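Right, one structure below, let's go through it.
Please treat every number below as a calculation from the coordinates, not as lab data. Here the structure is a predicted model, which is why all the values come from computation and not from measurement. Glycine gets a Cβ as well: all are built from the backbone with ideal geometry, and neighbour counts include every protein chain shown.
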Amino acid sequence: MLLSNLYSVSTFIVAVVLLILVLYKILVSKKKDKQQEINLSSLNEFFDAHALSVLHRNQYEVTAILGYFAMALFDKYKTKEVLWDIIENCISKLKLEDCVLYLLDEKQQELCQVAAFGNKLKGEKEILLPKQIPVGKGIVGSVAKTGKYELIKDTTKDARYIVDDKKRKSELTVPIYLEEKLIGVLDAEHSKRFFFTESHLYLFQLIAKLTEKKLLQLDQKKALNITEDNAYYKQVCYLMEKEKIYHNPDIKLITVSEKIQISTNYLSQIINTLSGHNFSDFVNAYRIDEVKSKLTDSDFLGYPMLSIGLESGFNSKSAFYNAFKKHTGMTPTAFQEKHP
């Protein structure tokens, strides 16, 4: 009888312990789900209700992506370093066969492969046979032109498809923006038809949005360290003073940024901070200085004033006269009369 009672008590205790463990597991699971929901609520500014519902079904991947962007990249100071790290340590975890990140070359109107994983990865941060795709050509080029994503379930039925390292049967391409300006494209392909789903699409769009925020932070971080001895500013001044690149009437911010290999946003911040001018006024200041020098030089006596302006880099009479008056407070004629 005693043994029977002891057995019953022991059985009851075991049952209670098991019940407590089950309840504890349920509570912990609910707490984790609630924490994940709190984290995902920060995505309301990026996505509509339908997209959010899809992302909620992929909380593991979303949490991993958010965690990566929150904790990584603090030691990266160059755009390409950041993009390679995102490809290698974030996108590669989505178990895709292939992914390539393109940046837009505005001057050439081409998309250039700058980071990749899969068959396109040749070595450490090196792409196998990097490809350039004109804006408007292929699926990648179409996305760059329209600014809208493309989810191609069967590439064999899409005449735009361009073969890269090998033929694949489905493709997902999303645009990457920086302050509402398209700067690149994120592209993935897979050997199976109908591989990419809404989940892949919204995860890629999330990565594109977070990449934009990270690149903005990168530029802001650089801006905090802009001083008079900034090496990039010295390069720009050298190009203006020695190579006289301001003679090119079509010179643009992107032209100079590509020449010294920094982002247009960072170059703009450097020029604004150290010269007190925007890019256009900064360039025109060099042109005006040359015009003023020639207008007071006897060798140019009788030389057509408009020719002086055009040779100094202005592309029209109105642009020349407007810039001159803005910088000097008088017309070129009035300046010449004042400095005979």
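Worth pointing out:
- The simple spin-label model puts a point 7 Å past each Cα toward its Cβ; for ASP229 and SER53 those points are separated by 6.0 nm.
- Separation in nanometres of the label points that stand 7 Å from Cα toward Cβ, at GLU45 and LYS95: 3.2
- Inter-part distance where region 151-188 and region 261-294 are each reduced to a Cα centre, Å: 37
- R0 of 30 Å, Cβ-Cβ distance LEU128-LYS192: FRET efficiency to nearest 0.05: 0.85
- DSSP-assigned coil residues among GluC sites (Glu not before Pro) in region 131-190, each with at most 10 further Cβ atoms within 10 Å: GLU179, GLU180
- Part-to-part distance (alpha-carbon centres) for region 47-97 and region 238-253, which is given in Å: 39
- Mean projected area (nm²) of the alpha-carbon convex hull when the chain is viewed from all directions: 27.3
- Once the Cβ-Cβ distance of PHE300 and LYS107 is raised to the sixth power relative to R0 = 41 Å, the FRET efficiency obtained is 0.80.
- For region 243-250, Karplus couplings with θ = phi - 60° (6.51, -1.76, 1.60), whole Hz, Gly/Pro x: 8, 6, 5, 5, 5, 6, x, 9
- When each of LYS234/LYS292; LYS234/LYS259; LYS153/LYS213 is checked by Cα-Cα distance, pairs over 18 Å: LYS234/LYS292; LYS153/LYS213
- Segments 110-122, 249-261 sorted - mean Cβ within 10 Å per residue, highest first: 110-122, 249-261
- Spin-label model distance (nm) - ALA159 vs LYS80, 7 Å beyond Cα toward Cβ: 3.7
- The phi torsions of region 124-134, fed into the Karplus equation with coefficients 6.51, -1.76 and 1.60 and a -60° offset, translate into couplings of 5, 6, 9, 9, 6, 6, x, 10, 10, 10, x Hz, rounded to whole numbers, with Gly and Pro shown as x.
- Calculated from backbone phi, Karplus (6.51, -1.76, 1.60) coupling profile of region 317-327 in Hz, x at Gly/Pro: 5, 5, 5, 4, 5, 5, 5, 4, 5, 4, 7
- Reciprocal of mean inverse Cα separation for region 226-291 (Kirkwood radius, Å): 11.8
- Taking all pairs of distinct alpha-carbon atoms in region 114-153, Kirkwood radius in angstrom: 11.6
- Here the relative contact order of the chain, from alpha carbon pairs under 8 Å that lie six or more residues apart, stands at 11 percent.
- Full extension of the chain between LEU151 and ALA64 yields a length gain of 29.0 nm, computed as 0.36 nm times the residue separation minus the alpha carbon distance.
- Charge sum, other residues only, whose C-beta stays under 10 Å from ILE139's C-beta, Lys/Arg counted +1 and Asp/Glu -1: -3
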